[in-house]
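The values are calculated or read from the model by the stated rules, or taken from the named source; none is laboratory data. The model shown is predicted, which means the values in this text are computed figures rather than measured ones. We place every Cβ from the backbone using ideal geometry, glycine too, and count neighbours over all the protein chains shown. The area values use the complete protein model at the heavy-atom level, side chains included, leaving out ligands, DNA and RNA. Shrake-Rupley method; radii C 1.70, N 1.55, O 1.52, S 1.80 Å.
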Amino acid sequence: MSMPSALLALEDGSLFYGDSVGVPGQAAGEVVFNTAMTGYQEILTDPSYARQIVTLTYPHIGNTGANPEDMESPGVYATGLVIRDLPLAHSNFRAAESLAEFMRRHKLVGIAGIDTRRLTRLLREKGAQNGCILALEKAGKLDKKEALKVARAFPGLKGMDLAKVVTTKKPYTWEEGLWELGKGHAQQEHPRFHVVACDYGIKRNILRMLAARGCRLTVVPAQTPAEDILKMKPDGVFLSNGPGDPEPCAYAIDTIRHIIDTGLPVFGICLGLQLMGLASGARTIKMKFGHHGANHPVLEVVSGRVMITSQNHGFAVDETSLPSNLRVTHRSLFDGSVQGLERTDKPAFCFQGHPEASPGPHDVSPLFDRFIGMMEQNTSPRSSGTKKKEEKVAL
């Protein structure tokens, strides 16, 4: 048996020896598992994975390589990658490089060749663990004491405000639409509405879904005050996904509360749901091991429909803390946790999963259409020059 070149150490003392993939070095973070069978590039470039080491449960990762079009952000945000097997060759007509080359270019530390089934069972039983990947350039002596020390020194995500870390530094506009085989990404031509998107770690496919539905998008930093957003005269406000604990994000909670009070249509995803919950008077909790995958069943409460969804979150809104003006619209069929909320007194709603489906199924994409419908009821398109209607939006 050859000597290992990488080590994953967990705070509980568990050690996993394997092969280094990516760059040599060490990476510390919260170790979580993701059950998606596809979309590893989208996962690695999702800002919601900041300060997390991602374990992919599907055994063969890297078969299709990587390409510039599947980036969900400008770079890699995951702290590290844990996989069972990295194929020797990749094969896809869209590939520009291998996964290993992609990881090296983005200076990502990773480990392959470990028993990811054992690791996943451990995380399910004990909960998400703080961990450290120690990777060498080539096989050699691995300092397990140092790896355990680094793993146990990581403070954990509870109480960690990461939205202001991963957000854009300055506002920008977005006009790129959905990708189509042979055509690439569509370019927006005749936008109907102006949407301000609060970037707490936003994914590009969310912006593409909104642009494809006629939204001219202005993306603003996480700490942008409500007054500045309202000066842009938006038809609606979008609250993005993002990493870390929502409770320390007082700046975002205050801004969201103010914007909802104005009666503007508001739509939130993932961290955006948690922040809307906090802005409405609810509380949030840290989950045992969170939801990470592209195969999670969610119940739409009113219709009884079951939808398969993409998920990535480690915090949730505590249903026992909901105020009277906040109603549950969707619920996880894995653990019963809150997946969707709506305000009964304002045109505002949110969803915990990822309806942009990148990666993942498209069952929940009609939520984007609901947001468009709310803006249609609340205002005429800007191009007509008409004033906002004053009728109340029914949820």
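For the peptides 163-171, 26-34, 256-264, 286-294, what is the packing order when you average, over each peptide's residues, the other Cβ atoms within 10 Å and list the highest mean first?
Per-residue mean Cβ counts within 10 Å order the peptides as 26-34, 286-294, 256-264, 163-171.
Would you work out what percent of the accessible area of the chain, with all protein chains in place, is carbon or sulfur (probe 1.4 Å)?
52
Once the Cβ-Cβ distance between SER91 and ASP115 is put in as r, and R0 is 25 Å, what FRET efficiency do you end up with, to the nearest 0.05?
0.45
Take peptides 131-143, 266-278 and line them up by average Cβ neighbours within 10 Å, highest first, as a rough protection proxy. Before the final figure, lay out each step's value.
Numbers: 131-143: 18.2, 266-278: 28.2.
Order by mean packing, descending: 266-278, 131-143.
What net charge is computed for the residues neighbouring LEU157, neighbours being all others with C-beta under 9 Å from the C-beta of LEU157, Lys and Arg scored +1, Asp and Glu -1?
+1
Distance check, please: which entries in LYS141/LYS203; LYS138/LYS164; LYS126/LYS346; LYS203/LYS231 exceed 30 angstrom between their Cα atoms?
LYS141/LYS203; LYS138/LYS164; LYS126/LYS346
Order of 174-186, 106-118, 200-212 by packing, highest average Cβ count within 10 Å first? Working shown, then result.
On the way: 174-186: 12.9, 106-118: 19.5, 200-212: 24.2.
Descending packing order for the listed peptides: 200-212, 106-118, 174-186.
Where nothing but the Cβ of Lys and Arg (+1) and of Asp and Glu (-1) is charged, how large is the charge dipole of the chain around its Cα centre, in debye to the nearest 20?
Details: 45 positive and 42 negative charges, 64 e Å.
For the chain, the charge dipole is close to 300 debye.
Can you check what the net charge comes to around SER337, using other residues whose Cβ is under 13 Å from the Cβ of SER337 (Lys, Arg +1; Asp, Glu -1)?
Details: positive: LYS286, LYS288, ARG331; negative: ASP318, GLU319, ASP335.
Once positives and negatives cancel, what remains is 0.
With n ≥ 4 as the cut-off for DSSP H runs, can you work out [θ] at 222 nm for the chain, using -39500 (n - 2.57) per run divided by the number of residues, rounded to the nearest 500?
-6000 deg cm²/dmol
Assuming 0.36 nm per residue, please report the length gained on full extension of the stretch THR320 to TRP179 beyond their Cα-Cα distance.
Here the answer is 46.7 nm.
If you roll a 1.4 Å probe over the heavy atoms of the protein chains, what accessible area per residue do you get for region 212-330, in Å²?
Averaged over the residues of region 212-330, the accessible area is 33 Å².
Extending each Cα 7 Å along its Cβ direction at THR35 and MET3, get the distance between those two points in nm, one decimal.
The two pseudo-label positions are separated by 4.0 nm.
Over region 81-172, give the accessible area per residue in Å² for a 1.4 Å probe, as an integer. Please list the in-between numbers first.
Details: 5270 Å² over 92 residues.
Dividing the accessible area of region 81-172 by its residue count gives 57 Å².
As a test question: what accessible area, to the nearest 10 Å², does ILE285 have when a 1.4 Å probe is rolled over all protein chains in place?
Only protein atoms counted, so the area is about 80 Å².
Size of the dipole of region 150-286 about the Cα centre, Lys and Arg at +1 and Asp and Glu at -1 on the beta carbon, nothing else charged, in debye to 20?
Numbers: 17 positive and 13 negative charges, 60 e Å.
Dipole size: approximately 280 debye.
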